[in-house]
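Colleague: Before anything else, here's the structure in question.
Just so it is clear, none of the values below were taken in a lab; they were calculated from the coordinates. Bear in mind the structure is a predicted one, so any value in this text is a computation, not a measurement. Every residue, glycine as well, gets a Cβ built from its backbone with ideal geometry; the counts of neighbours run over all protein chains shown.
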Amino acid sequence: MKIRARDRVKAGRRFMTLPLALILLVGLGAIGFLFGIREQDVPRPPVSWKNFLQIEEKTDAVLSFADEHSMRLIAEHRAIPLRDDPAEMAVELIGALLVGPRNGGRPTLPPGTRLRALYVAADNTAVVDFSQDLAGNHPGGVNAEILTIFSIVNTLTRNVPQIKRVKLLVEGAEIETLSGHVDCLRPFSLAPAWLEDGQS
């Protein structure tokens, strides 16, 4: 009788152990399944050294500044951020002009000048709106006026293929001239005569 009682206890233990083992296996399987789904379903961005290092792509732009005597335009090559949108690229170029030259030469935009707005119209004309300082702080003189205008025009038309002409505004309005010499009511195109050293 004692043997039978022990056998029954052992059998009962086996009976209880089996469901517990099954529950444990099912639980582990469910956890593995859930983690598998998460690993497969969560989108992961492609690994890119450019994104990892946050390197901004740049382009070699040709900027137009005045020479040391403010008599003609000279070219300065500068790496600036590359933008796909023509208007955004133009904003970067104007920003570089506002900073001024780094390799000699003189700035062509008067001190205090700010870019207020810029857009590229459907006819490939870049409309560039400056603060009052462009006219109010201009040094005057026909040559200085031409250098200011064509440093902007040549810089934009040479570096942004979508821009063929440039229209200048001051405080959102048309201006007749910057300092009384050059007609600014019309858009300006690239002026080969004012290209540095005959470059195109």
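Colleague: If the chain between GLU88 and HIS69 were fully stretched, how many nm would it gain, using 0.36 nm times the residue separation less the Cα-Cα distance? Let's see the in-between values first.
Modeller: Numbers: separation 19, 0.36 × 19 = 6.84 nm, distance 3.18 nm.
Going from the current span to full extension adds 3.7 nm.
Colleague: Taking 0.36 nm per residue of separation and subtracting the Cα-Cα distance, what length does fully extending ASN103 through ASN143 add? Walk me through the numbers on the way to the answer.
Modeller: Working: separation 40, 0.36 × 40 = 14.40 nm, distance 2.17 nm.
Full extension of this stretch gives 12.2 nm more.
Colleague: Can you give me the long-range amide H partners of LYS167? Hydrogens built in the peptide plane at 1.01 Å from N, cutoff under 5 Å, separation of 5 or more residues or another chain.
Modeller: ALA126, VAL127, VAL128, PHE188
Colleague: Can you list the residues, at least 5 places off or on another chain, whose amide H is less than 5 Å from the amide H of GLY105, using H built in the peptide plane?
Modeller: Those qualifying (amide H under 5 Å, at least 5 residues apart or on another chain) are GLU68.
Colleague: Between rounded, prolate and oblate, where does the range 134-179 land on the alpha carbon gyration tensor, with a ≥ b ≥ c its root eigenvalues, rounded for a/c under 1.5, else prolate if a/b exceeds b/c?
Modeller: Details: a/c = 2.81, a/b = 1.51, b/c = 1.85.
Here the range 134-179 falls in the oblate category.
Colleague: Enumerate the calculated ³J(HN,Hα) couplings along the range 77-83 in order (Karplus 6.51 cos²θ - 1.76 cosθ + 1.60, θ = phi - 60°), each rounded to whole Hz, writing x wherever the residue is Gly or Pro.
Modeller: Coupling constants for the range 77-83: 7, 8, 7, 10, x, 8, 10 Hz.
Colleague: Taking a label point 7 Å from the Cα of THR177 along the Cα→Cβ vector, which residues of the range 95-120 have an amide N closer than 18 Å to it?
Modeller: 110
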